[in-house]
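Here is the structure we will look at.
The values are calculated or read from the model by the stated rules, or taken from the named source; none is laboratory data. Note that the structure is predicted; figures quoted are calculated from it, not measured. Cβ coordinates were reconstructed from backbone atoms using ideal geometry, including for glycine residues, and neighbour counts include every protein chain displayed.
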Number of protein chains: 2
Amino acid sequence: MSEKIIKALKNAAIEKKNRQDYFNIAVSVDCVIFGYDNDELYVLLMQSDLEEFQGLNSLLGDLVKPNEDLTEASFRILWERTGLQNVYLEQVHTFGKINRHPSGRVITTAYFSLIDMQHQQLNIAEHQLNWYPVRKVKRLAFDHLEILQLCLHQLQQKVMERPVVFHLLPPLFSLRELQSVFEAILGIELDRRNFRKKIAIKDWIIDTNTLEKEVNHRPGKLYKLKAGLVNNFRPYQ
Amino acid sequence: MSEKIIKALKNAAIEKKNRQDYFNIAVSVDCVIFGYDNDELYVLLMQSDLEEFQGLNSLLGDLVKPNEDLTEASFRILWERTGLQNVYLEQVHTFGKINRHPSGRVITTAYFSLIDMQHQQLNIAEHQLNWYPVRKVKRLAFDHLEILQLCLHQLQQKVMERPVVFHLLPPLFSLRELQSVFEAILGIELDRRNFRKKIAIKDWIIDTNTLEKEVNHRPGKLYKLKAGLVNNFRPYQ
DNA sequence: ATACAAATATGTACTAAAAACACATTAATT
DNA sequence: AATTAATGTGTTTTTAGTACATATTTGTAT
């Protein structure tokens, strides 16, 4: 982007008519909010009440405000719709097809977010949000299914390389739970012994010398994430 | 994105005043165009004639038109500025900081592109474009240095996994040239024997049973990319 | 024509990582 | 005390990656 834009913008500031030609694409963000519970990966969706998409669910999204960073907009959405702060967010892709939105030209930047749905208390009811198992989601409004699939794919790519899955778990977790999260995300079964070896090498977690409670079998050791490994947080306010 | 946007858009269509609140972010694309020549990775840059960035170079970019896909916009820029069609393009990231552009709110989606700068004939002169060795680029206008670095990083991540480097080479190339491209992108030296083994396993290239010409030493065999491996092309018109 | 220089071409031994696989241990339940 | 259902750990095998040396081909200089 360069002098061509500069001229366009300066002209736009002067000639109101021209302005319409350059400022007529709306910008939104959409959040794919992943959660994990009981060996299953979930995504948080809302009912679309748009005629065109009657009965379909959609991702949580909103237009970006003029004085708002893209990332800020995503944090705001999470805050407004779920009451959550300090959430892990990662940009994935920007979708820009001309007719992707029935009501006008809207480009959207997709983020995915990982939250501990078991222990974070969400204000789900008041915004008609619900958790759905990712593998059962077959249709969504807009191009949101494509967005969901790409975000899942990106998560799958990343999950063994970077310590991100811990955002889906409570602060203390067993190796069994950790393995289940990986299996839910990757959609495959893993060998327990090899998995533990791999995790040990990564040096992501610390043995807390405490044990699971309230399980009806031999309790597993509880681990926590090593400090200083995660920095992609940002509170909304 | 959902009913909230719908309402906003429908209101916007009716109330002109409101419209300004939603359609006041400009959208641009910026292209990081990589080329390769003589053991060096280059990037195509233009002079910024914006006062704020006097004497600095910038990437090639432009505002996205209301009736234009993001990808189309990138292909258009490449076509308009270089005369090239059938170029490899890949979206990398969208940059949305509020003050990233001195003349107004502009979010930009970055793409990188790989072209064969030795054999494609570019209309470089007429738009004051020049090739610069990537490793020597220390400053750019706007946030373009950050964009360049992220695109390079993404290219580095991708290069061993997917057959993309071939876009930087002519249709026939020697293993020596191929290795040099990898070395230029990754910024490290590779062992010739191990490199060849790795490439052989990937099954990306075919021996054409022809030899290099006009080299003042023993000529190497020429190879070509296997058919059907590349599908991310799109002509602009 | 011969020797030399500069590149291509290729194979093997060693090391590290990944995959396959089995048995002992703990705590709750009966 | 025996049973059940999980946790916890180690070894072998296979695969992939790294380090490394010599023969071959062509052009050039003598």
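Filtering the stretch B:117-175 to residues that are of a type in the set (D, E) and closer than 21 Å to B:K97 by Cβ leaves B:D143, B:E146. Search the stretch A:69-92 for residues being more than 7 Å from chain B (Cβ to nearest Cβ) and assigned to a loop (DSSP other than H, G, I, E, B), and hand back the single one that is surrounded by the most Cβ atoms within 10 Å (Cβ to Cβ). By that ranking, first place goes to A:L84.
Set side by side, the residues B:P219, B:P170, B:P133 differ, and just one is surrounded by fewer than 17 Cβ atoms within 10 Å (Cβ to Cβ) and assigned by TED's automatic domain parsing to the domain that holds B:E40, which is B:P133. Take the conditions (1) touching a residue at least 24 places away in the same chain (Cβ under 8 Å); (2) surrounded by fewer than 17 Cβ atoms within 10 Å (Cβ to Cβ); (3) not aliphatic (A, V, I, L, M); A:K213 misses just one of them, which is (1). Looking across the stretch A:95-127, just one residue is part of a loop (DSSP other than H, G, I, E, B) and acidic (D, E), and that is A:D116. Picking from residues in the stretch A:93-121 that are without any contact (Cβ under 8 Å) to a residue 40 or more places away in the chain and more than 7 Å from chain B (Cβ to nearest Cβ), the one that is farthest from A:H153 (Cα to Cα) is A:Q121. Go through the stretch B:185-199 and report how many residues are surrounded by fewer than 11 Cβ atoms within 10 Å (Cβ to Cβ) and more than 8 Å from DNA strand C (Cβ to nearest atom). Looking only at that region, the number is 2.
Among residues of the stretch A:200-222 being part of a helix (DSSP H, G or I) and more than 9 Å from DNA strand C (Cβ to nearest atom), the one that is farthest from the other protein chains (Cβ to nearest Cβ) is A:A200. In summary, B:H144 fulfils each of the numbered conditions (1) farther than 30 Å from B:E214 by Cα; (2) within 16 Å of DNA strand D (Cβ to nearest atom); (3) not polar (S, T, N, Q) with the single exception of condition (2).
For the stretch A:99-126, the set of residues classified as surrounded by fewer than 16 Cβ atoms within 10 Å (Cβ to Cβ) and closer than 30 Å to A:N24 by Cα consists of A:N99, A:P102, listed by residue number. In this structure, does B:E52 turn out to be more than 12 Å from the chain's Cα centre (by Cα) and either modelled with pLDDT of 95 or more or within 25 Å of A:T71 (Cβ to Cβ) (or both)? So B:E52 passes the test. Of the residues making up the stretch B:86-120, just one is farther than 30 Å from A:N67 by Cβ and small (G, A, S), namely B:S113.
Conditions (1) within 14 Å of chain B (Cβ to nearest Cβ); (2) in contact with a His (Cβ under 9 Å, 6 or more places away or on another chain); (3) away from DNA strand D (no atom under 15 Å from the Cβ), marked per residue:
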{"residue": "A:Q149", "(1), (2), (3)": "no, no, yes"}
{"residue": "A:L155", "(1), (2), (3)": "no, no, yes"}
{"residue": "A:L168", "(1), (2), (3)": "no, no, yes"}
{"residue": "A:P171", "(1), (2), (3)": "no, yes, yes"}
{"residue": "A:V181", "(1), (2), (3)": "no, no, no"}
{"residue": "A:K224", "(1), (2), (3)": "no, no, no"}
{"residue": "A:V230", "(1), (2), (3)": "no, yes, yes"}
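Under the condition of being in contact (Cβ under 8 Å) with a residue 24 or more places away in the chain and part of a helix (DSSP H, G or I), the residues counted in the stretch A:135-151 number 7. Could you tell me whether the stretch B:190-199 includes any residue that is away from DNA strand D (no atom under 15 Å from the Cβ) and not assigned by TED's automatic domain parsing to the domain that holds B:G83? No, the stretch B:190-199 contains no residue that is away from DNA strand D (no atom under 15 Å from the Cβ) and not assigned by TED's automatic domain parsing to the domain that holds B:G83.
The combined condition, being assigned to a loop (DSSP other than H, G, I, E, B) and over 30 Å from B:L50 (Cβ atoms), is not fulfilled by B:Q157.
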